[in-house]
Amino acid sequence: MTFSRFLRVASSVSKRLTTRYGRRNPTFVSEAKYSVASAVKGVNADFRVGDEVSGFAVKEIQDVPELHLTAIRLQHVATGADYMHIAREDSNNVFCVGLRTTPMDSTGVPHILEHTVLCGSNSYPCRDPFFKMLNRSLSTFMNAMTGSDYTIYPFSTQHPKDFYNLMSVYLDAVFKPNLSELDFFQEGWRLEHEDVNDQSSPIVFKGVVFNEMKGVFADSQRLFMQKLQNGLLPSHTYGVVSGGDPLSIPSLTWQQLKDFHAYHYHPSNARFYTYGDLPLAEHLRFINDKYLQEFSKINPGTEVPDEPTWSEPRSDHIVCGLDPMGASDAQSSIAVSYKLASITDPFETFVLQILGELLMGGPNAPFYKSLLEQQLGSSFSPSAGFDSHTRNTTFTMGLQGVRCEDTEKIREIIEETYDKVIEEGFPKERIEAVLHSIELAIKHQTSSFGLGLVMSLTPLWNLDGDPVEALKINKNLEKFKECIQQNPKFLQEKVKQYFKNNSHKYTLTMAPQEGYEKELQEKEIELLKSKIESLTEEDHKRIWEIGNTLTKKQEEEEDISCLPTLKVSDINRNIIPTPVTNISLSGGVPVQICHQPTNGITYFSAVLNTHNIPDHLHSLVPLLCGVLTRMGAGDLDFRQLDQEIELSTGGLHAATHLVKHPIDVAQYEQGILLSSHCLDNNLTRMLDLWTLILNHIRLNDLQRFGTLVKMIATDQVNSLVYSGHRYAMTAASSSTSYVAALSEQWSGLTNIRQMREFSELEDPGEVLEKLQELAQLLLNREQMRVSVNMSPDNHDGAVKTFENFLDNLAGDPSPESSLINFTESYTPHTLRTHHVFPFPVNFASKSYVGVPYAHSDSGALRVLSRLMFRFLHREIREKGGAYGGGAAYSPGGKFSFYSYRDPNSTQTLSTFDAAVEWVLSGGFCERDVEEAKLGVFQAVDAPVAPAAKGKRLFLSHVSEDLFADHRRQILDTTPQDLVRVARNYLRDASIEGACLIGPENEKIEQDPFWQTARN
Ligand SMILES: [Zn+2]
């Protein structure tokens, strides 16, 4: 387990795991009850080590004061099931059941199993009950994830009734799934006629996971990560692809799937986790009485052995597709990986985590200097860094976006860099900075703490490490400090041990190859051919029948009344408003103050309005945000500035900011958003750094600028494969309003293209000059407003510090409202664009103009988007084979349809229209509306961490009264309202936008209503 991963878990999860519902990450939001008082009272009194409670033996009880929690370890006596409860004053309760899943082939069996167990079970014998629960609960998180050696089923909710509803569905799915053959065909793979209604159409491969994994490996960096792990740890389960290799998936049989379930999804191979303020005794009774008591102990045989250490380093080379968005001559990758200490040694893991941060984190790190800054590659390889997800932890150093001829040189530099570190060690301030970041990470509260905890602890716990020991961060911290005090060369010796004298080293290079996709396709066709050739008459008949049965089943309306549910009436009609105070400082800068139990941290943010920026500088706003805090300022060069930032803050951030007025359709706000947080006693230092940046940013280091531009461009291109639907939605709406057009320019494909152009410039000096001009105009207090979240006892001192800070900024505060009257002459119009990318899948979107937040139809549109999700999911995912699809309405913004990793294109665009007709023809019932409302409330009432309280008002100008009205609008929406808004805003819309991101498409090409954009 690694402390700072508490905060990073969302991003690492998305890269390393295959998940059930795409990127529904636990970063959201509601009225959770937060308290920093010590751990839950009463737990110690109720339980004693040695007690037996509902079949569970209490093994260990430990307070962890630094995290305000009590950890209780138990074991189920009859089955040996492991159980950990974390008692903490937090109403966002979490449940998770984890299984050690250790495949020995690349058929994707654990991943397909993860999908299939969620397709119906003993007590809930309807299709996809797990998915349907998304609409019957107020969960703050629901998902299932497959890692290299585990599968976990976590959820969180703030409602006790909901908790038990969800827990019973989860337990039933995991321990009593139907695992029907049809579900295996649907979720895994099958042979089927391309057109199920036409027996003469060719037979092809279909299946949700089959398509999902094709999409995953279309990303060459993802392919690289996979091969790197396979190559470094080849002897056991890490040597195979747990998510499934598309060419291996079709060798999995239904029987193999069921066998895998019998051993891996057994209580003797399970770990149960509960977290929060609900009583443990009830959890235990429920789990034992309803499930565990029916099982006895087995030996699942799922241990993962240590990887045998090599006597010689190894290396390999692989090929990938050409990336049309990358620089054409620099698309190779290289990485050097090492096998390190066992994950079950918490202190060693702790030290290695720190070492990883010191080696590559930020511009003062040796590898940053020796590799990134030399512009040998566009950025670090996504695998780079310390990784503690496997039996033996690993460290990887490498680059992507490399010229083929540079790989040997990079390999040498990596070696030299380790030598240099062994020789020179790390500067004291850097070690201090890393320790400071740990202290800050412990104090910073997120709304998904319990979930982050189980995700960080699972890799260790899953391999029989001690998760409670890993929670004792302060103990490890003290021990670490002692070590470096007693032995000043402590870290250098570690580097020597793990990198210099370590023969278990694996070097992987990857280069693009012309015709790679075609070759892959041919392999699939060959496999398909061999499968078809062996088919008997009988098999053909069966394929036709199964195709028809699946289609029919997908269309059937089924009774899901067996599933538990919350009711809309369980939702409180009123809210507890978050009080904020508004003051004016330094001659007129508006400052919003929100008092919260922030655990000794002060949170700062500021919006700087960009409305007065001249047109020719407008498109550079996102770039300024990208480099603002990374170029150096005043006397500090970028390295020194970064050092200071690390020593006293949790990072200084800048992002674009764009919102419509909640009431007046003609007004909006555009700007940049600055944000940062620090320990209370570092406030002056943090604001001094902002002052330095705003007054004296150093926009003159061309080389530094070039490095940053390349890094930003690479990150964006990489995000396209993961977030294609977001880019499609932004592009689809871009013609429908001025704000949408600006959003496309700032955060859409347009911005990606611009950044790529900049990154290929021989001399970016001209761009830098324009940025200077922009900075001069923007970085002052003229159009600034500020928000602060802090503990009330810190108020007086902090206000003085902020006043001081604002006094020192240039310009005079403008008395104008921060919402600027809309004056641009912009004519909304219909625009449909196909952006051609050589992906094997599409991202499709259609977009319509919505209404302001406070408009009386705002709530109904939001419910409508959720209602349609049901229809779209069936058509686009279940029938169409896409990874996902749905509709989204951002209150005050646009109404969008989207599909994600979609094998279809025009068919999906028609499905969007069909969804509207489905609503207009009354294809839904009252129950559907009820479910849609519950679904909407998951987002509306999601827990909000102290740092984020009051932000709705500050960022979106939505007052608590407006929010309360909006909630009531949603609660009161009638079926008639839904039909009406679907007709008025969608079917009868005078303009619409559409976008398709994906491969060449003849049909679209010939359509006169579509434009094609190529790179
Ligand atoms: Zn999946």
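Things worth noting here:
- Helix-derived mean residue ellipticity, 222 nm - over the chain, DSSP H n ≥ 4, -39500 (n - 2.57), to 500: -12500 deg cm²/dmol
- When the Cα convex hull of the stretch 580-650 is projected onto planes of every orientation, the mean area is 7.4 nm².
- Surface/4 estimate of mean projected area, convex hull on alpha-carbon atoms of the stretch 353-419, nm²: 4.7
- FRET efficiency for the pair Ser530 and Leu920, taken as 1/(1 + (r/R0)^6) with r the Cβ-Cβ distance and R0 = 51 Å, rounds to 0.60.
- q = 0.15, 0.23, 0.24, 0.30 Å⁻¹: log10 I(q)/I(0) that the Debye formula gives for the stretch 870-914, counting C-alpha atoms only: -0.33, -0.70, -0.75, -1.05
- Which of Pro366, Val241, Leu292, positive extreme of dipole for the chain (C-beta unit charges): Leu292
- Paramagnetic reach from Thr830 (point 7 Å along Cα→Cβ, amide N under 18 Å) across the stretch 734-760: 734-737
- Shape box of the chain [Cα atoms, principal axes, largest first, Å]: 81, 72, 65
- Global geometry of the stretch 610-744, whether rounded, prolate or oblate, following the gyration tensor of its Cα atoms and the 1.5 cut on a/c: prolate
- FRET efficiency estimate (nearest 0.05) - Cβ-Cβ, Ser503 to Lys258, R0 56 angstrom: 0.85
- Estimated translational D of the stretch 917-1015 in µm²/s (Stokes, Kirkwood radius over Cα pairs; 37 °C; 0.692 mPa s): 187
- Charge dipole of the stretch 585-686 (Cα centre as origin; +1 on each Lys and Arg Cβ, -1 on each Asp and Glu Cβ, all else neutral): 120 debye, rounded to the nearest 20.
- Between Thr536, Ile334, Pro852, the Cα set farthest toward the positive side of the dipole of the chain (charges on each charged residue's Cβ, about the Cα centre) is that of Pro852.
- Long-range HN-HN contacts of Ser379 with modeled amide H, under 5 Å: Gln400
- Taking every protein chain into account, the accessible area of the chain amounts to 37 square angstrom per residue (probe 1.4 Å).
- Under-5 Å amide H pairs with Arg832, H placed in peptide plane, nonlocal only: Ala994, Gln1011
- The accessible area of Lys496, taken with all protein chains in place and a 1.4 Å probe, comes to roughly 100 Å².
- Counting all C-alpha pairs of the stretch 618-675, share separated by more than 13 Å (%): 68
- Here the scattering of the stretch 196-269 is modelled by Debye summation over its C-alpha atoms, one equal scatterer each and no solvent; at q = 0.17, 0.19, 0.27, 0.28 Å⁻¹ the log10 of I(q)/I(0) is -0.86, -0.98, -1.22, -1.23.
- The stretch 784-886 - charge dipole about Cα centre, Lys and Arg +1 at Cβ, Asp and Glu -1, debye rounded to 20: 1040
- Sulfur and carbon atoms: percent of accessible area, the stretch 69-118 [1.4 Å]: 47
- Accessible surface of the stretch 591-717, 1.4 Å probe, proportion on carbon and sulfur as whole %: 49
- Partners for Lys297 among lysines (Cα-Cα distance below 17 Å; same-chain residues under 8 apart left out): Lys176
- Percent RCO, i.e. relative contact order, over the chain, from Cα pairs under 8 Å lying at least 6 residues apart: 14
- Derived scalar couplings ³J(HN,Hα) [the stretch 300-311; Karplus, 6.51 cos²θ - 1.76 cosθ + 1.60; whole Hz; x for Gly, Pro]: x, x, 10, 4, 9, x, 4, 6, x, 6, 6, 8
- Spread of Cα-to-Cα distances over 10 Å intervals beginning at zero, given as percent, for the stretch 116-211: 15, 38, 29, 14, 4, 0
- For the stretch 498-608, the fraction of C-alpha pairs farther apart than 18 angstrom is 82 percent.
- Which of His193, His540 is most accessible, then next, and so on - probe 1.4 Å: His540, His193
- Dmax and Rg, reported as Rg then Dmax, of the stretch 658-805 (C-alpha, Å): 18.8, 54
- Computed P(r) (all Cα pairs; the stretch 892-951; 5 Å bins; percent): 4, 12, 13, 18, 19, 15, 8, 8, 3, 0
- Extension gain (nm, one decimal) between Ser315 and Lys297, 0.36 nm per residue minus Cα-Cα: 2.2 nm
- Cβ charges +1 (Lys, Arg) and -1 (Asp, Glu), total dipole of the chain, debye: 1320
- The share of alpha-carbon pairs in the stretch 85-129 lying farther apart than 16 Å comes to 61%.
- Each 5 Å bin from zero holds the following percent of Cα-Cα pairs in the stretch 535-584: 4, 12, 9, 9, 8, 8, 8, 7, 7, 6, 6, 5, 4, 3, 2, 1, 0.
- Across the cross-link table entries Lys132/Lys951; Lys206/Lys529; Lys206/Lys552, which are compared at the Cα atoms, the separations over 26 Å belong to Lys132/Lys951.
- Taking only the C-alpha atoms of the stretch 185-311, Rg followed by Dmax gives 20.3, 60 Å.
- Sequentially through the stretch 287-298, phi angles give Karplus couplings (6.51, -1.76, 1.60; θ = phi - 60°) of 5, 5, 5, 8, 10, 5, 5, 7, 10, 10, 6, 10 Hz, Gly and Pro residues having no value and appearing as x.
- Remark: the stretch 926-932, residue by residue, has Karplus-estimated 3J(HN,Hα) of 4, 4, 4, 5, 4, 5, 4 Hz, where x stands for each Gly or Pro and the curve is 6.51 cos²θ - 1.76 cosθ + 1.60 at θ = phi - 60°.
The values are calculated or read from the model by the stated rules, or taken from the named source; none is laboratory data. Everything quoted here is computed from the prediction, not taken from an experiment. Note that each Cβ is placed from the backbone with ideal geometry, even for glycine, and that neighbours are counted across all protein chains shown. The protein model used for the area step is the full one, side chains on, heavy atoms only, and it has no ligands, DNA or RNA in it. Shrake-Rupley method; radii C 1.70, N 1.55, O 1.52, S 1.80 Å.
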